[in-house]
Amino acid sequence: MHLYLDTADRAAAEPLLATGLFAGLTTNPTILQRASRGVADIEDIHGWARAAGAREIFFQAWGEDTRTLVDRGLRLAELGPDVVVKLVVSKAGAAACAELAGRGIPTLLTAVYHPGQAMIAAAAGATYIAPYLGRLADAGRDAIGDVLAMHELLEATGSPTRVLLASIRDVASMVTLARSGVDHFTFSPAVAEEFFTEELTIAASQAFEEAVVATTR
């Protein structure tokens with residue numbers, strides 16, 4: 001199981017990374033903007049995320065043509081072997097992904113909304129694809145069904161490309177998809193905290209501590 005934090009907010013990410021439970025960070029220009037950061041801050045974010053324990057850190061290349069995306073992807077990859085270069089699954093982005101993957105650089109094709117796009121990702125040699133579960137549901141699609149179709153397509157064809165599910169709004173959705181074999185998920189720190197709010201677990205923990213106090217002399 002690989003769990004990632006979808007954020008560039010240092011204050012929110014560091015305590016969760018310190019648990020050792022989360023494999024790293026996923027970002028894109030919108031996520032950087034939400035944290036009042038920009039592409040000029042990528043090197044700094046990489047530094048503190050790695051120091052906090054992130055084993056994979058995802059940064060998105062930007063630009064409208066394949067050559068620009070490749071050049072920026074190469075610069076991102078120079079930050080370290082823990083960097084995964086994200087690209088939108090457009091014609092230019094997929095072509096850039098194929099070139100970067102051919103050079104041995106880990107890649108992710110993002111903003112995936114249709115199972116057919118998983119075929120393009122596999123052909124490009126992408127390490128990951130990132131379907132947007134919540135946004136698929138917002139668009140009236142069969143979000144769970146479409147993500148499962150992507151996962152099943154990749155498994156059936158023997159592709160090493162993995163689904164890294166994004167736009168996740170609750171733990172229950174992850175449980176549903178994990179039961180079918182999806183094992184890479186990225187979500188906000190707020191969703192991450194939901195793993196630790198089970199009331200029965202909290203009550204049991206409190207009872208155990210009370211028992212220790214009651215029997216300590």
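Here, each number is a calculation from the coordinates, and none is a lab measurement. The model shown is predicted, which means the values in this text are computed figures rather than measured ones. No Cβ is skipped: glycine too gets one built from the backbone with ideal geometry, and neighbour counts run over all protein chains shown.
FRET efficiency for the pair Ala139 and Glu198, taken as 1/(1 + (r/R0)^6) with r the Cβ-Cβ distance and R0 = 35 Å, rounds to 0.65. Going from the fewest other Cβ atoms within 10 Å to the most, the residues His46, His2 appear in the order His2, His46.
Residue ranges 131-141, 146-156, 201-211 sort as 146-156, 131-141, 201-211 when ordered by packing (mean number of other C-beta atoms within 10 Å per residue, highest first). Within the stretch 3-92, report the GluC sites (Glu not before Pro) that DSSP leaves as loop and that have at most 15 other Cβ atoms within 10 Å. Qualifying residues, ordered by number: Glu64, Glu78.
Would you work out the relative contact order for the chain, in percent, from Cα pairs under 8 angstrom that are 6 or more residues apart?
16
Order these by the 10 Å Cβ neighbour count, fewest first: Leu177, Leu109.
Numbers: Leu177 21, Leu109 29.
Sorted ascending by nearby Cβ count, the order is Leu177, Leu109.
Label positions at Val175 and Ala18, each projected 7 Å from the Cα along the C-beta direction, are separated by 2.9 nm. In the list [x] 26; [y] 17; [z] 30, the label attached to percent of Cα pairs over 30 Å apart as derived from the coordinates here is [x]. Dividing the helix sum by the residues of the chain, where each DSSP H run of 4 or more adds -39500 (n - 2.57), gives a mean residue ellipticity at 222 nm of -14500 deg cm²/dmol.
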